[in-house]
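Data first, discussion second: the structure below is written as structure tokens.
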Amino acid sequence: MNAQLELQLKTLSSEPGVYRYYDKDNQLLYVGKAKNLKKRVLSYFNKTVSGYKTKIMVGKIHRLETTIVPSEYDALLLENNLIKEHQPFYNIMMKDDKTYPWICIKNENFPRVFLTRNKVKDGSEYYGPYAKVRPAKVLLETIKNIYRLRTCTLDLSQKKIDEGKYKVCLEYHIKNCDGPCEGLESLEHYQKKVEAIRGIIKGDFRIAKQYLLEEMMEFAKNLEFEKAQMTKEKLELLEDYQAKHTVVSPTIDDVDVFGMCSDETAVFVNYFKIRNGNIIQSYTTEIKKILEESDEEILEEAMIEIRRKFNSNSKEILLPFHLSTEIPNVKLLVPKMGDKKRIVELSEQNAKEYRVEKLKQIQIVDPDRHTNRVMAEMKKLLKMPVEPRHIEGFDNSNIQGTNPVSACVVFKNGKPSKADYRIFHPKKVEGPNDFATMEEVILRRYSRLLDEGGDLPQLILIDGGKGQLSSAIKSLKILGLYGKITIIGIAKRLEEIYFPNDPDPLYLDKKSETLKVLQRVRDESHRFGIKHHRTRRKNSTIKSELEEIPGVGEKTIEQLLQKLKSVKRVKESTIEALEEIVGKAKAKVIWEYFNS
């Protein structure tokens with residue numbers, strides 16, 4: 001640490017503000033906000049600072065700059081602006097380089113309503129952006145089916161209309177437009193339609209429904225029943241669209257909703273904009289973790305950025321957990337029950353589904369990155385000191401103690417390593433004793449690895465509950481490996497994960513990648529064990545039948561099975577064929593035994 005930086009650290013303010021770290025080449029490394037600048041900045045230079053990347057960044061800091069602001073919220077806004085402007089290397093960045101579509105109501109006489117990806121500052125109204133183009137197209141299609149609007153780019157000033165400069169086009173003749181270019185529709189009547197459309201886009205259907213209802217009644221009053229029926233169908237179309245897009249209580253109005261889920265490397269944030277009980281915007285984004293930021297810190301950043309992106313001025317925000325930041329004149333609420341709680345849960349579900357989709361894509365496009373993510377998640381959830389790059393799973397198979405086998409399967413980087421699979425035949429255990437068998441097998445497996453200098457696993461998975469786990473632990477203690485290798489048990493009924501010296505099992509999320517890896521290891525050890533148990537049982541059945549033949553020993557049986565493969569073929573063989581394998585004397589005994 002240089003003298004200038006050391007001096008700056010001693011003279012820091014305790015006010016809220018924003019700090020910026022620069023390296024010796026004057027490159028901006030990191031921008032952060034703080035409720036108390038002094039406490040926050042000094043925390044980076046403590047000896048106990050956690051995180052490998054944070055330590056690297058701190059080692060590069062040559063100088064810092066700070067900006068004092070009135071409140072923590074102002075600090076959050078300034079931090080967000082600086083990150084967007086300078087894009088420092090060590091800041092989290094929302095992966096968002098797309099140009100999203102907007103619905104535009106053009107600033108002109110007889111305004112057009114259309115979809116665009118380019119915002120022009122000409123006084124036009126823009127609604128959006130829409131994270132997916134399909135909902136915007138569905139909405140525009142609905143509007144087009146209800147209201148006749150012009151699509152031409154003509155300058156429909158009143159002077160040009162009065163001079164008769166334009167003639168109606170095909171759109172008028174196919175009844176998609178009411179012909180304002182020839183003065184067949186007044187500006188006042190057209191503006192009423194635009195006002196109703198503006199309400200629909202915002203999620204308020206009341207003006208549009210009232211407009212259509214009045215029009216229908218007017219047609220009916222004038223005995224124009226066909227036109228009244230057409231307007232009624234438009235009203236039904238609008239009500240159908242509203243029903244499909246109302247997923248929360250109509251009493252929830254002008255609210256922003258945020259949900260999120262996270263893993264070791266990223267946070268996934270979902271946003272709903274709700275107006276008049278309708279979700280009129282839905283957006284989900286992935287935010288990379290750079291310096292071990294907490295979920296609270298990332299959600300604060302994302303909340304400000306997303307609200308700015310969607311031009312939201314809602315006075316109420318629903319959140320999955322409390323944040324320390326306060327936004328002036330905005331209520332931050334963590335609902336505990338009711339419709340508001342359900343909409344937050346729906347937002348969180350969207351974030352989770354988005355994460356699952358991303359993981360599947362990564363698994364296909366970049367399998368190594370997917371593996372690294374899963375390993376990091378397993379380390380965290382299973383409270384391991386290191387990532388479980390080498391996992392060994394054990395399972396016992398027998399029927400009432402007969403033909404017992406124990407399977408050991410090996411997974412490396414989350415994938416089976418079949419060349420390293422092993423089968424054990426218990427030598428010291430009599431009868432069906434799963435606990436004693438597990439104790440013997442674990443002792444034999446790892447005493448041999450220690451003797452041969454083989455690679456020990458980071459994780460041992462035992463198929464079974466507390467009993468099998470305790471038996472395996474006994475052997476690890478004898479070998480001096482207990483505490484050096486993480487060992488857990490998995491019980492199949494509820495997929496409970498058991499840890500040593502912990503009476504309460506861990507229940508992982510059913511969609512968790514960690515649980516899926518553990519299940520694959522468990523299922524593979526079971527499959528491998530059952531396969532060899534069946535083979536051993538089959539062989540013992542075959543041998544027992546041949547062993548009943550007087551004068552036929554184990555060596556003769558092996559010779560017969562090696563050539564003929566089964567008892568059935570031995571039975572069907574001629575005496576000449578048997579003589580070629582075991583000689584005349586034994587061939588005669590065997591042939592007479594099966595053909596007497």
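The values are calculated or read from the model by the stated rules, or taken from the named source; none is laboratory data. What you see is a predicted model; the values in this text were computed from it and never measured. Ideal geometry is used to build each Cβ from the backbone, glycine not excepted, and the neighbour counts take in all protein chains shown. Note: accessible area is taken over every heavy atom of the protein model, side chains too, but ligands, DNA and RNA are not part of it. Shrake-Rupley method; radii C 1.70, N 1.55, O 1.52, S 1.80 Å.
What is the number of the single condition among (1) touching a Ser or Thr at 6+ places or on another chain (Cβ under 6 Å); (2) in contact (Cβ under 8 Å) with a residue 24 or more places away in the chain that residue 390 does not meet?
The single condition residue 390 does not satisfy is (1).
What single numbered condition from (1) polar (S, T, N, Q); (2) modelled with pLDDT of 85 or more; (3) touching a strand residue (DSSP E or B) at 6+ places or on another chain (Cβ under 8 Å) fails to hold for residue 27?
With respect to (1) polar (S, T, N, Q); (2) modelled with pLDDT of 85 or more; (3) touching a strand residue (DSSP E or B) at 6+ places or on another chain (Cβ under 8 Å), residue 27 is out only on (3).
Can you name the number of the only condition in (1) within 18 Å of residue 410 (Cβ to Cβ); (2) under 27 Å from the mean Cα position of the chain (by Cα) that residue 481 fails?
Condition (2) is where residue 481 drops out.
State all residues of region 80-95 that are modelled with pLDDT under 80 and buried (at least 17 other Cβ atoms within 10 Å of the Cβ); if no residue qualifies, say none.
Scanning region 80-95 gives 80, 82, 83, 91, 92, 94.
Being in a loop (DSSP other than H, G, I, E, B) and either open to solvent by 30 Å² or more (accessible area, probe 1.4 Å) or closer than 14 Å to residue 546 by Cα (or both) is the filter here, so list the residues in region 574-586 that pass it. Break it down stepwise before answering.
Of all residues in region 574-586, those in a loop (DSSP other than H, G, I, E, B) come to 574, 583.
Once the filter is applied, which keeps residues that are in a loop (DSSP other than H, G, I, E, B) and either open to solvent by 30 Å² or more (accessible area, probe 1.4 Å) or closer than 14 Å to residue 546 by Cα (or both), region 574-586 yields only 574.
Can you run down the residue pairs with Cβ atoms below 6 Å, 6 or more apart or on separate chains, where the first is in region 372-386 and closer than 17 Å to residue 411 by Cα and the partner is open to solvent by less than 10 Å² (accessible area, probe 1.4 Å) and hydroxyl-bearing (Ser, Thr, Tyr)?
Matching pairs, first to second residue: 377/514; 378/514.
Quick check on my filter: what residues within region 37-59 are in a loop (DSSP other than H, G, I, E, B) and open to solvent by less than 40 Å² (accessible area, probe 1.4 Å)? Give the derivation first.
Quick first cut of region 37-59, residues in a loop (DSSP other than H, G, I, E, B) only: 44-51.
44, 49, 51, listed by residue number.
Residue pairs, Cβ under 6 Å, 6 or more apart or interchain, first in region 112-131 and over 16 Å from residue 308 (Cβ atoms) and free of Cβ contacts under 8 Å to residues at least 24 places away in the same chain, second open to solvent by 40 Å² or more (accessible area, probe 1.4 Å) and not charged (D, E, K, R). List them.
117/99; 122/107; 123/107; 124/107
Counting just the residues of region 444-484 that are touching a residue at least 60 places away in the same chain (Cβ under 8 Å) and charged (D, E, K, R), which one comes out farthest from residue 390 (Cα to Cα)?
Across region 444-484, the extreme among qualifying residues is 463.
With respect to residue 424, is the statement that it is open to solvent by less than 30 Å² (accessible area, probe 1.4 Å), of a type outside the set (Asp, Glu) and either under 16 Å from residue 529 (Cβ atoms) or over 24 Å from the mean Cα position of the chain (by Cα) (or both) true? Before you say what the answer is, go through the steps one by one.
Details: open to solvent by less than 30 Å² (accessible area, probe 1.4 Å): yes; of a type outside the set (Asp, Glu): yes; either under 16 Å from residue 529 (Cβ atoms) or over 24 Å from the mean Cα position of the chain (by Cα) (or both): yes.
So residue 424 fits the description; yes.
Can you spot a residue in region 507-524 that is among the hydroxyl-bearing types (Ser, Thr, Tyr), under 20 Å from residue 435 (Cα atoms), in contact with a strand residue (DSSP E or B) (Cβ under 7 Å, 6 or more places away or on another chain) and open to solvent by 10 Å² or more (accessible area, probe 1.4 Å)?
Keep residues of region 507-524 that are among the hydroxyl-bearing types (Ser, Thr, Tyr), which gives 507, 512, 514.
From what's left, under 20 Å from residue 435 (Cα atoms): none.
No: zero hits.
Starting from residues that are within 15 Å of residue 270 (Cα to Cα) and of a type in the set (Ser, Thr, Tyr), keep the ones in region 313-367 and report whichever is surrounded by the fewest Cβ atoms within 10 Å (Cβ to Cβ).
The extreme case among them is 354.
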